[in-house]
Amino acid sequence: MFTRIIAREIPGTFVHEDEHCAAFMTINPIAPGHLLVVPRAEVDQWIDLDPVSAEATFAAARRLAEAQRHTFACERVALVVAGFEVPHCHLHLIPASSMADLDFARAATNASRADLEDAAARIRAALPSN
């Protein structure tokens with residue numbers, strides 16, 4: 001599914017793209033600004049990524065998390081690598097102020113496209129230029 005989103009076969013609200021990974025808003029956010037960083041390599045588990053893809057994906061995640069921390073009122077940006085629901089490695093970046101903010105059972109099931117676009121625009125605006 002993520003490969004199809006990256007290929008634009010399925011709509012996505014993109015925040016970042018490069019030759020190694022893409023980042024887009026999740027359609028089931030557990031907090032405003034929750035996004036996914038996905039390597040282009042269709043690998044199930046993060047520990048199986050080649051070193052170049054892993055380094056680039058985690059570097060993009062860090063850069064995006066800095067923008068999220070600046071944009072959303074949160075104490076931290078949590079990084080969660082679970083991967084049970086989709087067999088394609090992906091990093092959840094979730095603005096959070098407590099462990100309760102990381103409860104995936106609270107994920108929205110009907111996030112509006114407008115809310116996702118707004119959060120994405122705010123994150124893109126906060127990204128450092130380099």
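When both residues are 6+ apart or on different chains and their Cβ atoms are under 7 Å apart, which pairs have a first residue that lies in region 90-117 and is within 22 Å of Ile6 (Cβ to Cβ), and a second that is assigned to a helix (DSSP H, G or I) and among the hydrophobic types (A, V, I, L, M, F, W, C)?
Every condition considered, the pairs that remain are His90/Phe2; Leu91/Ala61; Leu93/Ala61; Leu93/Leu64; Leu93/Ala65; Ile94/Leu102.
When you look at Ala121, is it assigned to a helix (DSSP H, G or I) and either more than 14 Å from the chain's Cα centre (by Cα) or not hydroxyl-bearing (Ser, Thr, Tyr) (or both), yes or no? First the steps, then the outcome.
Numbers: assigned to a helix (DSSP H, G or I): yes; either more than 14 Å from the chain's Cα centre (by Cα) or not hydroxyl-bearing (Ser, Thr, Tyr) (or both): yes.
Yes: the conditions hold for Ala121.
For (1) within 23 Å of Thr57 (Cβ to Cβ); (2) at pLDDT below 90; (3) small (Gly, Ala, Ser); (4) under 16 Å from the mean Cα position of the chain (by Cα), each residue gets a yes or a no:
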{"position": "Glu85", "(1), (2), (3), (4)": "yes, yes, no, yes"}
{"position": "His90", "(1), (2), (3), (4)": "yes, no, no, yes"}
{"position": "Phe104", "(1), (2), (3), (4)": "yes, no, no, yes"}
{"position": "Ser112", "(1), (2), (3), (4)": "no, no, yes, no"}
{"position": "Leu127", "(1), (2), (3), (4)": "yes, no, no, yes"}
{"position": "Asn130", "(1), (2), (3), (4)": "yes, yes, no, no"}
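For residues that are among the small types (Gly, Ala, Ser) and in contact with a Pro (Cβ under 9 Å, 6 or more places away or on another chain), scanning just region 66-116, find the one that is surrounded by the most Cβ atoms within 10 Å (Cβ to Cβ). Working first, answer last.
Taking region 66-116 and keeping what is among the small types (Gly, Ala, Ser), we get 67, 73, 78, 82-83, 96-98, 100, 105, 107-108, 111-112, 114.
This time we only want the ones that are in contact with a Pro (Cβ under 9 Å, 6 or more places away or on another chain), so: 67, 73, 78, 107-108, 111.
Numbers: Ala67: 22, Ala73: 9, Ala78: 20, Ala107: 14, Ala108: 15, Ala111: 18.
Ranking the candidates gives Ala67 first.
The values are calculated or read from the model by the stated rules, or taken from the named source; none is laboratory data. Everything numeric here is computed off the predicted structure, so don't read it as measured data. In this analysis, Cβ positions are derived from the backbone assuming ideal geometry, glycine residues included, and neighbour counts consider all displayed protein chains.
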